Amino acid sequence: DGDVLTASNPLRKTAVIEAERDRFEVSNVSTAVTPGGTAQLSADVRYVGAEPISAANARLFASDPLSTSDDGAFLGRMEPGETSTATFRISATSDALPKEYASSIEVRYDEADGDTEFTDGMPIGVPVDEPSCGPPVPPVVVVVVVLAVIGGVVWYRRR
């Protein structure tokens, strides 16, 4: 009937606003890149949002002494809780030290309403391994040479 009603004591409710949660998690980063080499880097990208997404693309950002010639990976449509593996090509300069270097992965995706969204960079560590150089001469060759020298000395003394 048009009357305005008011409460003599206003209702108060405390609302807790939490920080926005990332929609993606990156785990299981693996590569076998060595100083001066190029290798494949793979990382599991898990979607932890509430609604399905489509056209998801992961992009790797590496900094010196790492570089990438193939920095994009298509993840496609993802359901909540789904994990896809992103694969990139990564190189390390010859003066790279064997340690873990900071890099990041960003994901671009389309929401159900058609909006295109971008994540913040999700930090990852990219390990550079020690070069796998075996001994310059295989141990079997060393044993054969030593036996030949000993055999030659024995033969020379008997003669």
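The values are calculated or read from the model by the stated rules, or taken from the named source; none is laboratory data. Predicted, not measured: the structure shown is a model, and the values here were computed from it. Here Cβ is always computed from backbone atoms with ideal geometry, including for glycine, and neighbour counts include all displayed protein chains. Note: accessible area is taken over every heavy atom of the protein model, side chains too, but ligands, DNA and RNA are not part of it. Shrake-Rupley method; radii C 1.70, N 1.55, O 1.52, S 1.80 Å.
Data overview
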item	result
C-alpha center-to-center spacing [region 56-92, region 138-159] in angstrom	55
Solvent-accessible heavy-atom area per residue, rounded to whole Å², over the chain at 1.4 Å	71
Dipole moment magnitude, nearest 20 debye, region 33-159 about Cα centre, only Lys, Arg, Asp, Glu C-beta charged	1780
Distance between modelled label sites at residue 130 and residue 148, nm, 7 Å Cα→Cβ extension	3.1
Linear extension gain, residue 141 paired with residue 120, 0.36 nm per residue minus alpha-carbon span	2.1 nm
Net charge over other residues, Cβ less than 15 angstrom from the Cβ of residue 68 (K, R count +1; D, E count -1)	-2
Sequence ranges 111-119, 50-58, ranked by mean other-Cβ count within 10 angstrom, highest first	50-58, 111-119
Rounded percent of accessible protein surface that carbon and sulfur make up, the chain, 1.4 Å probe	52
Dipole magnitude of region 1-61, debye to nearest 20 (Cβ charges: Lys/Arg +1, Asp/Glu -1, about Cα centre)	280
Protection proxy ranking, peptides 121-127, 149-155, average beta carbon neighbours within 10 Å, highest first	121-127, 149-155
Counted charge near residue 128, where neighbours are those whose Cβ lies closer than 9 Å (Asp, Glu -1; Lys, Arg +1)	-2
Computed Kirkwood radius, in angstrom, where 1/r is averaged over Cα pairs of region 39-159	18.2
Surrounding net charge for residue 91, when Lys and Arg each add one and Asp and Glu each subtract one, Cβ distance under 14 Å	-4
Estimated FRET transfer efficiency (residue 54, residue 99; beta-carbon r; R0 30 Å; 0.05)	0.20
3J(HN,Hα) from dihedral phi, region 96-111, Karplus parametrisation 6.51/-1.76/1.60, rounded to Hz, x for glycine, proline	5, 7, x, 6, 9, 10, 6, 9, 8, 10, 10, 10, 10, 8, 9, 7
Rounded to 10°, Cα long-axis angle of helix 139-158 versus longest principal axis of the chain	10
